[in-house]
Structure formats: structure tokens, C-alpha cells
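**Q** Okay, handing you the structure first.
The values are calculated or read from the model by the stated rules, or taken from the named source; none is laboratory data. What you see is a predicted model, and the numbers here were worked out from it, not measured in a lab. Note that each Cβ is placed from the backbone with ideal geometry, even for glycine, and that neighbours are counted across all protein chains shown. Note: areas computed on protein heavy atoms with side chains; ligands, DNA, RNA excluded. Shrake-Rupley method; radii C 1.70, N 1.55, O 1.52, S 1.80 Å.
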Amino acid sequence: MLEGMKGVSSFASEIDLAIWVVMGISIGIFIVVVGVMFYFLYTYRAKKDSREKIKNIEHNVYLEIAWTVIPTFLLAIMFYYGYTSLKVMREVPKETMDINVTGQMWFWTHEYANGKKTKDLYVPIGTNVKLNITANKNDVLHSYYVPAFRFKQDAVPGKMNTAWFNAKELGHFDIQCAEYCGTRHAYMRAKIHVIDKETFDTWYKSDKKTPFDQESVATTKHPGLELLESNGCLGCHSVDGSILVGPSYKDMFGHKVKVSVNGTLKEVIADEAYLKRAILEPDSEVVDGFSAGMMSSYKDVLTEKQIDDIIDYFKNGQNTPKEDIGAKATSILESNGCLGCHSVDGSILVGPSYKDMFGHKVKVSVNGTLKEVIADEAYLKRAILEPDSEVVDGFSAGMMSSYKGILSDSDIDIVIEYFKGL
Amino acid sequence: MHNQPEIIYDKQGNAHVIVDYNDDYIGAKLGFWLFLFTEMMIFGSMFLIYAFYMFQFSDTFVQYSATLNVKMGGTNTFILLVSALTMGLSLVRLRQGNVEGAKKFIWATIVLALIFLSIKYFEWSAEIHHGIYPGSPTLKSMGDGAVMFFGLYFVITGLHGIHIILGIGAMIWVLGLVRKGKITPTKFVVLENTALYWDLVHLVWVFVFPLFYLIH
Amino acid sequence: MNTFSHTSFYDKTHTVFGHHNSKILQWIFSIDHKRISLLYLFVMMGFFLVAVCLALSMRLELFSPGQDIMSPERYNQVFTLHGVIMIFLFIVPGIPAALGNFLLPLQIGARDVSFPRLNLLSWWVYVAGALLAISSLFVGDGFADTGWTFYAPYSIKTGTNVVWALGAAFILGLASILTGINFVVTIHRLRAPGMTFFKMPLFVWGLYSTAWIQILATPIVGISLVMVIFERVFGVGFFDPTKGGDPVLFEHMFWIYSHPAVYLMILPAFGIASEIIPTFCRKPIFGYHSIAVSSAMIAGIGYLVWGHHMFTSGISETIKLIFSVLTFFVAIPTGVKFFDWIATMYKASIEFKAPMIWAVGTFVTFIIGGLTGLILGTVGVDVYFHDTYFVVAHFHYTMLGGVAFLMFAGFHYWFPKITGRMYSEKHAKYAFFTVFVGFNLLWFPMFLAGAFGMPRRYFDYLPEFEIYHKFSGIGALIFATGIIYMLITLYRGWRYGELAGPNPWNATTLEWQIPSPPQLENFGTIPYVDFQPYEYINGEPVHKMDLGVKEGNKDA
Ligand code: HEA
Ligand code: HEA
Ligand code: CUA
Ligand SMILES: [Cu+2]
């Protein structure tokens, strides 16, 4: 059900008024013009003697002036209402709650100022809400359309558009996608839930996924990771294997590294002691391929305990306990729009279903030739990072875009772990 | 069939010539001008896109403009200028009745056009050799402004190059018509239109050259 | 009067390569504008039939919510192909290339168009483009699924054959440009002596304005489409945000052409109305000059309003308001035309023959289409209506209920001239009423669906919209019946109808002063035209001429 044909936003009544005015004028013009035409058609239809009564009138200056001036006047009225209705819709009030909206193929993501991410939008009643609408850079055009709120704004990849509203009534209202975006364009739906302020505030401060959830989903962050973030380590190092200025933390602990000590190369194992040295005296052993002098010592910055936390994160932090996998994976799949194209129950949407996928044979076409592969970890990772390199038979390339840089390696691991159990 | 002009008279007895669609010099010229108009719209829209991105990435455009080879570009500008002259002269010669002279000048134009193309070829291959071509990884790593600048550079100069090639084709066709006696000192509209076309090709380059080579 | 002793163009023709014995070659290589126009007509109607079948299959799919007869992917390809065929193959070339080609030389007293070979070439180019579009159906992932608007970046991303579709649209644009150039030159050069611009029939005025749009706007969309091809093939990046390109720029480039294109469709159609109205009102048209000039004004202003398709794309508020004002300005010259036609009916003696009924019916439907266009031009309102079925209904009311209906009116009006025979008046009228009822039942509910929030290009919809789609589906079937009825009536007229004679409607323009069907090179005598195109006294044409044969002695 499309909920709420009644206007719900603060400016909806202005828009409705404009609609009624322009429709009214149009219907009026239609009745007059068509009415006069039919009157003439009837009165001056060909009869026996009507030919003698023909009057060859070819001009009438007054008439001609009248029928340019009167329409101009009517059009001016229509324009005026177009202008006022645009104005209320586009003039964003000063005090707003800002929410970032991202469209991607067949999925909307709402991100609140405190980092909360949701599929549906939850807003308190009577609050000015400003939406910063865009689409993922490697995605396509979408349009954020909320009929009950009487606005629509395109989501353009690489550009930020804004819209605002102030919901006047409690309820659940549909968001539709109004700009054609491919196969599941018609299903790119979500809802705006207008809730009372208290419920919103409690939810906003909690770690519940939605205000309607009973339990909270704890998002426990490893303390080491928090330290890495707050100390700017992640400006140069990644946790997902990609190389920034320094080596990545991913798969570092316990593995061999080639380092140069005073110009000679040697191999060491990245154990606790090595990692501690690397943090405190970065220039003593320089990882091959990176330059000395880039990283400065953290001797006076981090305490002993903090360094231990960080190293513990390198050691254990990147594995997630088994129990959480289902919930975490589902939330990753949901908030990245995977479930817009893939199902977990065997039904085929746009892409193959995840059900019974892991460990089974799949037919894929690689550059046009079909071959069979086993859906193991490596394959599935490729499928997520380079979806077009192996395209599952029966599906089309180009539909799924690469999640490189969007999903972290650990996210992917979690998801793949989850696939195993389906 | 239509050798004699067809004449009709109005009520006052004045004679009026009926224009014959088969042999209408002014019509042929007018039609060709309209065609040139469409060409201008095509290049005009390209320049519009250029302006749009120039506005957005002006610094990068200036920066990469400096990397283009002004000497080669300048030489090419000069060559096209001369070729416009030779093309014009061929028309003048033809109208003077000097068919052989006209042919020579057309050949000269063709040679100049080929020189233009080969210089363009060397320029392009140098850039491609440096890994700069649409969709190349090097180009992508140089940032959005560079992608736009070189994208426009390759597309516009490429489109212009295609026009040069078409022009050469037209000139060879014209030479054939001259040989067959279909273009004569009194029936020269095809040559004239080809010359007009060549002027357009040259005019477009006069815009392309400063836009890409000289903005730094 | 030995009017009937001529041999019509059906018997005799010029071809590019001189004479051929084969009948088929005599047609497809003919450089006679009348034959070329019929070639266009048949190919065009063939594609219309294809697009209509696609339309009916969409209606069938939408008859109930959920998936019924095709998958979402297929549906998206179907509406794209439907839009592409209807726009680029049917309605843009429709009136100028088919009816215009036939009538332009006849109405201005010329023996052919200025460049008969180019005319034939543009038909061939048109056929090549059409074949390219159709052949992409059978390759790889099938026809493009981007919508006829080809918006980037989807058109860069999708795996379907977008390059083919774009290439086809580009080639069809070329054909359209060639026709435009040909017409402008013909109108400038080949009018009969004495016929000044303001003595030309109004259909010619419509064609003239159209031809300028073809020349000036088509290259822009042509190059934009080529750029999308480059994007896909070479990865250039002009419209690709991952490379710094701007998708909104593509929207601008596309609509700079495609908005004027809608006037390119409607202006010759208005021209047809301006021919039919005086003929069946039996009096001179009211406001000849204002009708003529308003065509040019619509064409001119029509260039400046493209932004009204982009009110939600994020362009600045000021620009939106400017585009809204300019959009409204187009309504004034359009209104002038309608008022002139209606004023022509005042103190007339109106004969309700089939062409007249078609024309009047179209006025009703087009005014609905045009007025809803104004509603869409109202900025704040369009933000709500944009990309809903309200827009879809608007453009079907203008394109189908305006252009296509007037084209059908024209078919009926000039049918006796083209075939030399008459159709059955009675059946033609019944067919019209079936079409009219079906059409309104088909599209009016869609205004409501759109106003209640049903977005377009939706394969599936929420249950409360079902009722509108049900009506619409039934309307489509009635409508289809009506169109088939019309075509059968015309076919029977062509095969078995009575001979029509040169001037069955007793009309005034030059094409009616020569035999039906006309002969090769049209005129025996070309008249000196020192009179207006529509001169009647008490319902009778003032100038009755017999221009089919040569006036022997004046020639030497
Ligand atoms: C033949 C084709 C045709 C014609 C003639 C028109 C005519 C008009 N169109 Fe339409 N239009 C389309 C075909 C056409 N359109 C198509 C194909 C699209 C959608 C494309 C897509 O997205 O796929 C579209 C979309 C479209 C939009 C964009 C909607 C959106 O996507 O959000 C708008 C908005 O302004 C618009 C406005 C108008 C206006 C103001 C006119 C005016 O020219 C109408 C003028 C006519 C009248 C007003 C009626 C007669 C006049 C009187 C009786 C006089 C009295 C009245 C007054 C003066 C007030 N059109
Ligand atoms: C000239 C233009 C034109 C015409 C005439 C039509 C005619 C019709 N169109 Fe449409 N349509 C477009 C141009 C046109 N269309 C465009 C440009 C789009 C946008 C595409 C996009 O979004 O990209 C569109 C989109 C569009 C949609 C929207 C799809 C969506 O958004 O999801 C729908 C849905 O029902 C539709 C249906 C129809 C129907 C039922 C008809 C009917 O009115 C047609 C029915 C006709 C008949 C029933 C006649 C039957 C006759 C015969 C069977 C015999 C014929 C024989 C011969 C000719 C020899 N069209
Ligand atoms: Cu997203 Cu349509
Ligand atoms: Cu428009």
C-alpha cells in the first residue's frame, strides 16, 4: 500500500494548493475552449442554406490581442504558484537534523550524524530534517521520491543534492525510486517512519538497529582498533589489505616480512617483539618497498598498555567470534544492498541466490568462455571484488559493481563465513 | 530534358523563370551551407563540453595543456592555413579556365592534409606511448581533470581528424569528377562546396589549437 | 479537360541508375519524391506496428501487479524499444518524411524537392538505422534497457547492446538532418513564381519550422550519443562520475535536442490541421499570418525550455524558474493557433467528413495533453509529478492524441490524392469513434495513477494502482481495434474505392489542381501564384485550375 496520499510534510499543503490552482485553471481553459469549439461546430454545421451565410472573417485585432493577453495573465498566475510552491520546498530552515542518503542499485542507505546507518528512515515528528542525497560514485542515477511529503530529489553519483521536510504526522510513508535505474527499479522502496520525539531520542542514543527492535545489537569495537583510528595510524595503514603509505595490517601478524636493517635485507617474523619495535623505532627496520622517515616514533604518544592493545588487535582483532557472524553478516548484506539482488532462500532475483552456494559448483563465463569452478573462499572473494571477471552463467555482467573499497576484507570474510552455513 | 529554362508569365505579362531542381547553383550552395551549420553545431557542442569541464578543472587543464607539443600543433596550424589557401586557389584556377592548374592545387591540398595527419599520428603515438589514452590506467591515476582534458583532446582532435580524412576522400572524388568532365570552369559547385568544407575543417582547427595547446 | 489521360507516378518513375525493369528496384531506387514518401510511409507504419505490439505487451504485463508475461529485464527492454521506435522511427520522421515529402513539392508548385538523390539517400540511411536497431535484439544481451533517454551512467554500465541502439539513433538523426536540409532548400528555391513566404500553405510553414529544428538540434543529440558510444568503447569518461564526468551534463545535452524534437513532431501536425480546417469550414483560415509566424515562434522558444525535464536533477533554483517561464511562453503561440482554428469555424459551413472529425477529435485530446504540459511546467508541481505516470499520460496525449491522430487525419485527407480513390466515409467515422473512446480510456486513468504517486518505468506496482491499469488495459484493446478498423477501411478504399477525381474536397491549394494520383514531375503547368492559399467565396474556391497538362502555347 502506498501510505499517505494525504500531504504529511509541512509544505505539502502549499504544493497541493498549487496543484489545485493549476489544475483548476487548466480545466477552466479546457471547458471554455472546447465548449466554444463545440458550440461553433454545432451552430455552423453545413445546412442547405448555410453556404450563403458564410462570412470570410480573416482578422480581428482586438480578438487577437485578447487571446494573447488573457492566456499570458493566466500563465502568470500558474507561474506564481509554481514559484511559491518551489520556494517552500527548497528553502531549507537553519536548524536541521542532517541525514545523508545514499542510493545504490536498488537500495537506500540513511546515515545519521552519529554514524547510525539504517535502511528505512526514522525521524521525529515536527523536526526539520535535511537530506543530503547522493548516489555511490560507481552507481547510477536514482531519485528519492516521497509521495506523501510531496517532494522528489535525484540522487546523482558524485554530486550532493539536498531536500528537506518537516513531518507533521506520525506514520509510515513510502519512499520510491523515481529515476530509472535498472532491473529492480520498481522495487527500490523503503519507508520513512515518523515517530514521536522521545522514542526517537532513546533509539538514537541506543545501539539498537531500529526503534522497533527489542534487543540491542552490540557493536563492540576492539580497543586496539579504536586506538589505531584515534592516533591517525589508519591514515597510512589499512586494515583491509590495501596499500596506502605504509603496509597494511591485514594478515600481518605472524607472517614473514622482508625488512632492511642499515641497508641489508633480511626476513623476520612479525611477532609481538618485532611489532613493538616497529612502533617505537620505526626506522630501525624498514619494510622493503617503503621508505624510511615516513613514520615517526610513537614512544611518547602511546602507553605500554595501549601498544599491547594494538598488538592484540593485530593478533586477534580481525577474527570475529562465531556467534556474531550471522547477525553481522546479515547486517552487512542488508546495509550494502546485496539483498536487493541476492536472496538467502534460493529464489532468484537479479543475481544468484546465496543459498547452497558455498562449496558447490558454479558455471561461470570468463571472457566469454564457460567453465566450472567451485565456489570456495577465493572465488567468492573475487566474485565480490571483481564481479565481472567471472560472470555466473545466466546472469549478466555489469549489473553488480565491485565492492572494492566499500566492503573491508574483514566484512568480506564475515560474509563468506556466513555463506558457508546457508 | 531541362536544357531550356522554363518560363511562365503573370497577369501583367512579365516573364518568370521556374527554378529547375536539377541544376540549381544557389540551391546547391544553400544546402551545403546548411550542412556546414550542422557541422558547426557538432563542434559547437564539443566546445561547450570543453567549456564546462574547463570551468570545473581549470588548473589541471592549464597544467596539462603545457605538456602538449606546441611545435607540432603550431606546424599543423600553419599547414592547414596553407592548405586552405591552395584549396581556394584551385577554385580560382578552375574558374579562370585552367583545369590542370586547379588539379595541381587540389593535389597540393591533399598532400598537405596527409602531412597534417602524419604529424597528428606522431603526436598521438607519443602520448599513447606515455600511456596516455582514453581509459588508460596511467591517465586514471593522474586524476579527474587529466581524464577530462585528454579525453576531450583525443575526442575532439580525433573527430577533426576524421573530418580531414573525409575531406581527402572528397577531394579525390572531385579529382575524378574533373577528369570525367563533370566539373568544368562553368560547373564548379561541387568543387566550391568542397572548398567550403575544407574552410570549415580549417576553421575548427583554429579553435582547437588555442583551446588545447595555448591555454597554459 | 483531359485530366484523366495522364500516367500517374505509379506507372512511371526516375531512378538513380536510369531505367530498371524490376518493379521492386523501380521503387527502392526511385528519386521521385512521391515514391520515396510512400517508401517512408510503409516502413514507418511497419515499425509502428512493431512498437504497438510492444505497447500492448506492456499493458498486458501491467494489467495485474506482479510478474505476468515477462521478466523485469525484458520489460525494461520493451519500453525502451517501444520508446525508441515510436520516437526515432515513427513520429519524428513520420509527418515530414512521409506526408511532407509527398506534399511539399505539390503545395509549392515544384516538380520535385531540391535534391532528389539526397532524398532517396536519406530513406536508405533511415532503413539502415532501423535495421541496426532491430538487429541488436538478436545479439548478446539484447536490446538496450536504458529507456529512450539513454541517461548516463546507467547507459554506460548496463550489459545490453546500448552501443547499437545509440548508433541506430545517430544514423536516424542523420537521415532526419538530410531531410531537413532538403526541405529548407526546396522551400527557399522551388516555390512557384509569385508565391511569397506568406502565400505558402500552412502545412509548408509547419514543415519549414520543423526542418530548421532538424538542422539545428539533431547534431547536438547526435554528438552526445556518439560520446556515450565513446564512453562505452574507449572509456573516455565525460559522463562517468568515477572519472570525474558529470551525468547531469548528459541530461542537458540530451534534452537540448529532445525537447525541440517534440515541437519537431507537432509543428507539421499543426500544419495538417491548418489545411483541413479551412477546407471543411469552406472559408479562408482566420489569422493566416499569426498561424504561420507562431510555428516559427514555437520552434524558436522550443529551444530554450529543455530544463523543464530536469527540475529534480539538482540544477539551481533560478535556472528552474527561468525554464518554467520559458516553458509557459510556448503555450501562447500554441494557443494562438487553436484560437485561430476555432475562430475559423465561426460563421462557417462545416462539413463533417472523416478528416475534419479526426482533426476536431485531436483538438480535444491535444488540448488535454498541452494543458497537462503546463501543469508539468509549473516548477513546484513538477517536482511532485516528474517521472510519474502523469508525465507518461501527458506525452501520450500530445504525441499519440496530437501528432499521430493528426497524421491519421492527414492520411484521410490526402488519401484520394495519393491513391486516386475514396474510402468509405461511414466506416472511417466509426473507426474514429472507436479510437477516440479507446484512447481516452487508455490514457486518462494514467493521469490519476500518476497524480497518486505511481512512478513510470515500473515493472510492478502497488495494489492500489491496479484499478487504473485495468481500465487502461481495456482501453488499449478498444484502441487497437479502432486502429485496425481504420487501417482496414483505408486498405479497402485503396483497393476497391470509387475514383476520387482531382479535387474531391473542393479544396484550394495547388496539390488539388492536378490529377489524383499525380504524375511524374507533378505539374504540366506551373502557375503564377499571386493569391493566398485559402481563398473562398461563399464556400467555393476562387481559383480553380487544371495544372495537370501543359498549356501549349505559352512555352515558347
Ligand atoms: C508532441 C509532443 C509534445 C508536445 C507538443 C509537448 C508539449 C508540451 N509539453 Fe511535453 N513532453 C513530451 C512531448 C510533448 N510535449 C514528451 C515525450 C515528454 C516526456 C519525455 C520523457 O521524459 O520521456 C514531455 C515531458 C514534458 C515535461 C517534463 C515532465 C517531467 O518529466 O517532469 C514538461 C514540463 O514542463 C512538459 C511540458 C510541455 C508543455 C508546456 C508543452 C506545450 O507546448 C503545450 C502547449 C499547448 C497547450 C497549452 C494547449 C493548447 C492551448 C490552448 C488551448 C490555449 C489556452 C491555454 C493557455 C495559453 C494557458 N512536457
Ligand atoms: C509516438 C509515440 C508513442 C505512441 C504512439 C505510443 C503509444 C502507446 N504507448 Fe507509449 N511511449 C512512448 C511513445 C509512444 N507510445 C515513449 C517515448 C515512451 C517512453 C519510453 C521510456 O520511458 O523510455 C512510452 C512509454 C510507454 C509506457 C510506459 C512504460 C513505463 O514507464 O513503464 C506505456 C505503458 O503502458 C506505453 C504504452 C503505450 C500504449 C498502450 C500505446 C498505444 O497508444 C498504442 C496502441 C496502438 C494500437 C493499439 C494500434 C494497434 C494497431 C495494430 C495492432 C495494427 C497496426 C498495423 C499497422 C500500423 C500496419 N508507452
Ligand atoms: Cu533507483 Cu530507480
Ligand atoms: Cu520538453
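**Q** Per the helix-only calculation at 222 nm, which mean residue ellipticity applies to chain A, given -39500 (n - 2.57) for every DSSP H run of n ≥ 4 and division by its residues, nearest 500 deg cm²/dmol?
**A** Using -39500 (n - 2.57) per qualifying helix, the result is -10500 deg cm²/dmol.
**Q** Turning to a different aspect of this structure: Among the trypsin sites (Lys or Arg not before Pro) within the range B:157-194, which fall in a DSSP loop and have no more than 14 other Cβ atoms within 10 Å of their own Cβ?
**A** B:182
**Q** If you roll a 1.4 angstrom probe over the protein chains with everything in place, what fraction of the accessible area of chain B belongs to carbon and sulfur, to the nearest %?
**A** 68
**Q** Loop only per DSSP, at most 16 neighbouring Cβ atoms within 10 Å: give me the trypsin sites (Lys or Arg not before Pro) in the range A:1-52, ordered by residue number.
**A** A:6, A:47, A:48
**Q** Going Cα to Cα from residue C:157, which aspartates and glutamates come in below 17 Å? Please leave out same-chain ones fewer than 8 positions away.
**A** Output for residue C:157: A:139, A:179, A:386, A:388, A:390, C:73, C:141, C:145, C:231, C:240, C:246, C:251.
**Q** Could you check the simple spin-label distance between residue B:55 and residue A:114, using points 7 Å along Cα→Cβ, in nm with one decimal?
**A** 4.2
**Q** Turning to a different aspect of this structure: Output wanted: per-residue J couplings in Hz (rounded whole) for the range C:9-17, from phi through Karplus 6.51 cos²θ - 1.76 cosθ + 1.60, θ = phi - 60°, x for Gly and Pro.
**A** The phi angles translate into 5, 5, 8, 9, 8, 9, 10, 4, 9 Hz.
**Q** When the accessible area of chain A is computed with all protein chains present and a 1.4 Å probe, what percentage of it is carbon and sulfur?
**A** Roughly 56 percent of what the probe reaches on chain A is carbon or sulfur.
**Q** Please sort through the DSSP H helices of chain C and keep those with an alpha-carbon extent of at least 24 Å along the long axis and a Kyte-Doolittle average not below 0.0.
**A** Span-like helices in chain C: C:33-62, C:116-135, C:162-189, C:202-234, C:247-281, C:317-345, C:354-377, C:425-451, C:466-496.
**Q** Test of understanding: extend the Cα→C-beta vector of residue A:43 to 7 Å, then name every residue of the range C:321-349 with backbone N under 14 Å from that spot.
**A** It comes to C:342-349, nothing else.
**Q** Okay, moving on. Accessible area per residue of chain C at 1.4 Å probe, in Å²?
**A** Per residue, chain C has 29 Å² of solvent-accessible surface.
**Q** Got a sec? Charge dipole of the range A:97-204, +1 on Cβ for Lys and Arg, -1 for Asp and Glu; which of A:112, A:158, A:170 is way out at the positive end?
**A** A:158
**Q** For the range A:3-90, what percent of Cα pairs sit more than 19 Å apart?
**A** I get 61 percent for the Cα pairs in the range A:3-90 exceeding 19 Å.
**Q** Rounded to the nearest 100 Å², what's the accessible area chains C and A bury against each other, both chains counted, probe 1.4 Å?
**A** Using a 1.4 Å probe, the pair buries roughly 7600 Å².
**Q** When DSSP beta bridges are limited to those with both residues in the protein assembly as shown, what percentage is antiparallel, rounded to the nearest 5?
**A** Approximately 80 percent, going by the DSSP bridge assignments.
**Q** List the pairs from A:208/A:328; A:47/C:353; A:256/A:315; A:250/A:305 whose alpha-carbon separation is above 20 Å, in the order I gave them.
**A** The answer is A:250/A:305.
**Q** When only alpha-carbon atoms count, how far does chain B stretch along each of its three principal axes, as whole angstroms with the largest first?
**A** Projected onto the principal axes, the Cα atoms of chain B cover 76, 42, 24 Å.
**Q** At 222 nm, what value in deg cm²/dmol follows for chain C if DSSP H runs of at least 4 each add -39500 (n - 2.57) and the sum is divided by all its residues, to the nearest 500?
**A** Mean residue ellipticity at 222 nm (helix-derived): -20500 deg cm²/dmol.
**Q** Follow-up. Return the aspartates and glutamates within reach of residue C:470: Cα separation strictly under 19 angstrom, same-chain partners fewer than 8 residues apart disregarded; answer none if there are no such residues.
**A** Result set, ordered by chain and number: C:61, C:68, C:460.
**Q** Still on this model: Under a cut-off of 14 Å between alpha-carbon atoms, report the aspartates and glutamates in cross-link reach of residue A:130, not counting same-chain residues fewer than 8 places apart.
**A** Cross-link targets: A:91, A:95, A:98, A:111.
**Q** If I take the Cα coordinates of the protein assembly as shown and project them onto the principal axes, what are the three extents in Å, biggest first?
**A** 118, 76, 55
**Q** Once amide H atoms are built 1.01 Å from N in the peptide plane, which residues 5 or more positions from residue A:177, or in another chain, come under 5 Å H to H?
**A** Placed amide hydrogens put A:188 under 5 Å from residue A:177.
**Q** Subtracting the Cα-Cα distance from 0.36 nm times the residue separation, let me have the gained length for residue B:23 to residue B:111 in nm, one decimal.
**A** Taking residue B:23 through residue B:111 to full extension adds about 28.5 nm, to one decimal.
**Q** Would you calculate the separation in nanometres between label points at residue A:316 and residue A:137, each defined as 7 Å from the Cα along the Cα-to-beta-carbon direction?
**A** 3.7
**Q** Continuing with the same structure: With +1 on each Lys and Arg Cβ and -1 on each Asp and Glu Cβ, and nothing else charged, work out how big the dipole of the protein assembly as shown is about its Cα centre, in Debye to the nearest 20.
**A** 4360
**Q** Once fully extended, how much extra length lies between residue C:464 and residue C:70, figured as 0.36 nm per residue of separation less the alpha-carbon to alpha-carbon distance?
**A** Here the answer is 139.7 nm.
**Q** Could you point to the residue in C:327, C:367, C:203 farthest towards the positive end of chain C's charge dipole, with +1 and -1 charges on the Cβ of Lys/Arg and Asp/Glu respectively?
**A** Of the candidates, C:203 comes out farthest on the positive side.
**Q** Compute log10 of I(q)/I(0) for the range C:6-77 with the Debye formula, placing one identical point scatterer on every Cα and leaving out solvent, at q = 0.27 Å⁻¹, to two decimals.
**A** Debye output, listed in q order: -1.15.
**Q** Additional query: Sort out the exposed loop GluC sites (Glu not before Pro) in chain A (DSSP loop, at most 13 other Cβ within 10 Å) and tell me the longest stretch that has none.
**A** A:216-422
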